[in-house]
Amino acid sequence: MAHEEVAELRAGETVLDLGSGGGIDVLLSARRVGPSGKAYGLDASADMVALARRNAAEAGAANTEFVCGTIEAIPLPDRAVDVVISNCVVNLSRDKAAVLAETFRVLRPGGRLGIGDVISSGADAEAGGGVDPGPRAAAGHQVDRVVGSLTLAGYHDLLLESGFIDASVTLTADHGDGVHSVIVQAIKPAISPGLEIRPMRDTDAGPVLAIYQAGLDGGQASFETAAPAWEHFTAGKLARPRYVAADVDTGEVVGWVAASPTSARPVYAGVVEHSLYVHPGCQGRGVGRALLSAFISASEQAGIWTIQAGIFPDNAPSLALHRALGFRVVGVRERVGRRHGLWRDVVMLERRSTVTGT
């Protein structure tokens, strides 16, 4: 299947082909997105870019543009494209995390990744060294440069770390000796116009804790009354998934979601309790729903099978949001604690994964 078909290109979309070579896939993509869309080609070779431009001119493909640069530092603005495609290029990079982070950056919210690539299996690959070059060479010319390829688990981990949701890595061909062709598909979380969901960073500490404190001051978020120091906050949360919603113009963080493990016991490894906070001035814009939806999708990719939450009965908007996204009430803990001297009940909710079959 052609990679423009894997990505399910639609009329009017903007698509980027990583490692576009002579531009054949770009020309095919340009036809699919039509005159109202655009197809970019990116290649590190100036000669290939020149060839692709000549091919596009001969084909009369006015809705194409070819740029010279690396896939680790894509020379396009943030949120410039709807779809990213490529054909066995990511595995050639020495910094695949940078490639996926750059891909995430240039995609618009709701944008899609649909690429063909090569993965490795076996002890050497799991250690980060790829497959052995001797047996690998016997797997065929088309995977001749597979040394250093990701494993299946490694690909999933990097997609999650980069911020993608609904990720899948599907085996399409077994070339022997631990070498497989794959189709990689993933989505950048969608959210209201003017906003973006991305992974939480240490540099977000100030706004994240300020939003946390504003929620605590509202009296309906937690028994806690003061946000912790960042070191305590980040140490108590899973490294991923954790997201922020940010204004695309100012970069201002307007909401966040993260989770804490419920127990250190291995049997509870997939059970977490999440926290979701939105800036008081941005409530009612769908920020909380978008953040929680992204977190749910990413949590299933991360192997989490149960998400728990404790919500005050008076917090009707939060209860309604969680019910709408598949949480169910499992009970009420009565007079579980006091806040400012008043005893409060807590409604206990949980959401079981629909992926793990639990």
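Observations on the model:
- For the range 283-324, the set of residues classified as open to solvent by 30 Å² or more (accessible area, probe 1.4 Å), aliphatic (A, V, I, L, M) and without any contact (Cβ under 8 Å) to a residue 40 or more places away in the chain consists of A316, A320, L321, A324, listed by residue number.
- Verdict on V346 being part of a strand (DSSP E or B), surrounded by fewer than 14 Cβ atoms within 10 Å (Cβ to Cβ), modelled with pLDDT of 95 or more and not polar (S, T, N, Q): no
- The condition (being under 27 Å from S168 (Cβ atoms), of a type in the set (D, E, K, R) and not in a loop (DSSP other than H, G, I, E, B)) is satisfied by just one residue among R323, R289: R289.
- Candidates L42, L9, L16 - the one that is assigned to a loop (DSSP other than H, G, I, E, B) and crowded, with 22+ Cβ neighbours inside 10 Å: L9
- Failed item, numbered, when P109 is tested on (1) open to solvent by less than 40 Å² (accessible area, probe 1.4 Å); (2) within 30 Å of V287 (Cβ to Cβ); (3) outside any loop (DSSP other than H, G, I, E, B): (1)
- Some residue of the range 235-251 being outside any loop (DSSP other than H, G, I, E, B), open to solvent by 70 Å² or more (accessible area, probe 1.4 Å) and under 18 Å from A316 (Cα atoms): no
- Which numbered condition V267 misses (of (1) surrounded by fewer than 15 Cβ atoms within 10 Å (Cβ to Cβ); (2) at pLDDT 95 or above; (3) more than 17 Å from P193 (Cβ to Cβ)): (2)
- With respect to the conditions (1) in contact with a helix residue (DSSP H, G or I) (Cβ under 7 Å, 6 or more places away or on another chain); (2) at positive phi; (3) surrounded by fewer than 19 Cβ atoms within 10 Å (Cβ to Cβ); (4) of a type outside the set (A, V, I, L, M), G23 lacks only one, and its number is (3).
- Hits in the range 45-68 - residues which are surrounded by fewer than 16 Cβ atoms within 10 Å (Cβ to Cβ) and small (G, A, S): S45, A46, A50, A57, A59, G60, A62
- Verdict on G284 being closer than 22 Å to P261 by Cα and not polar (S, T, N, Q): no
- Count of residues meeting criterion [open to solvent by 50 Å² or more (accessible area, probe 1.4 Å), modelled with pLDDT of 95 or more and either over 20 Å from the mean Cα position of the chain (by Cα) or hydrophobic (A, V, I, L, M, F, W, C) (or both)] in the range 140-191: 2
- Only one entry in S318, S260 is of a type outside the set (A, V, I, L, M), assigned to a helix (DSSP H, G or I) and at pLDDT 95 or above, namely S318.
The values are calculated or read from the model by the stated rules, or taken from the named source; none is laboratory data. Because the structure is predicted, anything quoted here is derived from the model rather than measured. Ideal geometry is used to build each Cβ from the backbone, glycine not excepted, and the neighbour counts take in all protein chains shown. Keep in mind that these areas ignore ligands, DNA and RNA; they rest on the heavy atoms of the full protein, side chains included. Shrake-Rupley method; radii C 1.70, N 1.55, O 1.52, S 1.80 Å.
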